[in-house]
Amino acid sequence: MTDMASLHELMRGSPYQSYAYSYPHKMAYRAFAQPRSLRDVWKDEPKDALFLYLHIPFCEMRCGFCNLFTQSHSRAGLKLDLEGAYLATLEREARVLMEALGPAKFSRGAIGGGTPTFFSPEGLRRLLQLFRTLSPDLIPMSVESSPFTATAERLAILKEYGVTRLSVGVQSFVDAEVQASGRAQSSAEVSRALETIRSTAIPELNIDLIYGLPGQTEESWMRSLRAAMQWSPEELYLYPLYVRPLTGLAKGGARGIADAWDELRRACYQCGREFLVAEGYVQLSMRHFRKASLPRDGGDYCCQRDGMAGIGCGARSYTRDLHYSSEYAVGRSGISEIVKEYIDRSDAVFSDVAYGFELNSDERRRRYVIKSILRWDGLDAQDYQELFGTSVRDDIPQLNELTAAGLMEWTGCRMLPTALGMEFSDVIGPWLGSSRVRQSMSHFVLR
């Protein structure tokens, strides 16, 4: 079904429809009828404040809730021939990209996955050297890690290469919840990792936590939040659990009674938000909390206006009117096939863009709005007018319904989310998407 229900109908249902972390979702991407030259794709794009992203699709475990483009391997580590082959391909793709970009400046960057720190120390050093070769300036750089791979040796390498933010997927400090979610870690292991991270003095620590896990209660959720506070993280991301197709939890039949599960997730969200605000954090989005004493500015980069150059199998790149990546999969065999195809690519294949989504004028406007209104600083109508030459109220009349429903409010030229709007972010994002995107996603064959 591709028609979206009315906002009123959606608000009577679950607040957890879909996470609009990007628009459009990769499930809307398709192979192009004819590949486009990478050089032509970037030729007329602004390139003075790009985001640089490197994707590492490997982990020491595949969490039961995970639908990211990554595959698990033994905790003993990647086979060195696979690690070396992937890094060599990453370097080749980076060289082709930089030749196509021409003069460009990166404003921010990240290395994600997957778990980049799953690489051997030697592989991690090679990865970070590539990042610094692409961006010699010491731009803010975030790296994803796990408790198991946050070793003193690897953290020292991150510090050496100027990593400014480390994000650690803890998910829960309660061992029974961790095991139920398909993770192989203990609270003792997590504590050792966080102690090592803090002793390394990487400037910013982010901790990811999940609410709505099997067996979780509001009380046990608060235990995890209090445990996280012992490490005084600069940021926390609080994610509601989604059980998505082909994930471990879905295969195991994990699902709650819908109304009871939604009630638990909403209660956890509300008490978590209240707790963190009382602890001195400010809410930047439904999921994102940051210490109020720290700057909120993301630097020169603005995702609504600026492009992203992604390198690696599974990395997303975008210009103003084109989003592209490798193909998307969730199942182990599907991901393995795509990774193998990536490693076998020639430089000539990297010189073209063959898979993605072309944004027309309407999609560009919708993306700007979706990426704006679900954040603390909201939608700037004057900036929208400057960028598109039209009025956002005329272009997206759905905005009137959001204010009527008490989800948004106008303050001068800015449309800001209310507390209720933040809570219903996962309804608002999909609801604002186009029928074209919804239809494409509905026909996507997941593998």
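The values are calculated or read from the model by the stated rules, or taken from the named source; none is laboratory data. The structure presented is a predicted model; accordingly, all values stated were derived computationally and were not measured. Please note: Cβ atoms are built from the backbone with ideal geometry, for glycine as well, and neighbour counts cover all protein chains shown.
Out of the residues in segment 245-298 meeting the condition of being touching a Lys or Arg at 6+ places or on another chain (Cβ under 7 Å) and under 17 Å from S18 (Cα atoms), tell me which one is modelled with the lowest pLDDT.
For segment 245-298, the residue satisfying everything is A250.
When only residues in segment 394-421 that are more than 27 Å from the chain's Cα centre (by Cα) and of a type in the set (G, A, S) count, which is farthest from L7 (Cα to Cα)?
If we take residues in segment 394-421 being more than 27 Å from the chain's Cα centre (by Cα) and of a type in the set (G, A, S), then G412 is farthest from L7 (Cα to Cα).
When the residues of segment 401-416 are filtered to those that are assigned to a loop (DSSP other than H, G, I, E, B) and in contact with a helix residue (DSSP H, G or I) (Cβ under 7 Å, 6 or more places away or on another chain), which remaining residue is farthest from I428 (Cα to Cα)?
C413
Identify the single condition in (1) free of Cβ contacts under 8 Å to residues at least 40 places away in the same chain; (2) outside any loop (DSSP other than H, G, I, E, B); (3) within 24 Å of E274 (Cβ to Cβ); (4) in contact with a Leu (Cβ under 9 Å, 6 or more places away or on another chain) that W231 does not satisfy, given that it satisfies every other one.
Result: W231 fails condition (2) only.
Among the listed residues L225, L209, which satisfies the condition of being closer than 30 Å to L10 by Cα and part of a strand (DSSP E or B)?
Every option except L209 fails the conditions.
Return yes or no: is Q185 of a type in the set (S, T, N, Q), closer than 16 Å to C63 by Cβ and over 23 Å from the mean Cα position of the chain (by Cα)?
No.
Residues in segment 14-44 that are under 30 Å from P397 (Cβ atoms) and either of a type in the set (V, I, T) or free of Cβ contacts under 8 Å to residues at least 12 places away in the same chain (or both): how many?
Residues flagged as under 30 Å from P397 (Cβ atoms) and either of a type in the set (V, I, T) or free of Cβ contacts under 8 Å to residues at least 12 places away in the same chain (or both) within segment 14-44 amount to 1.
Does segment 282-314 hold any residues that are of a type in the set (S, T, N, Q) and in contact with a helix residue (DSSP H, G or I) (Cβ under 9 Å, 6 or more places away or on another chain), and which are they?
The answer is Q283, S285, Q304.
When segment 100-124 is examined, which residues are found to be part of a helix (DSSP H, G or I), in contact (Cβ under 8 Å) with a residue 12 or more places away in the chain and surrounded by fewer than 16 Cβ atoms within 10 Å (Cβ to Cβ)?
P121
Does M286 qualify as being touching a Phe, Trp or Tyr at 6+ places or on another chain (Cβ under 6 Å), surrounded by 15 or more Cβ atoms within 10 Å (Cβ to Cβ) and under 29 Å from P116 (Cβ atoms)?
no
Kindly indicate which of T133, T149 is within 30 Å of P214 (Cα to Cα) and either assigned by TED's automatic domain parsing to the domain that holds E218 or part of a loop (DSSP other than H, G, I, E, B) (or both).
From the options T133, T149, the qualifying one is T149.
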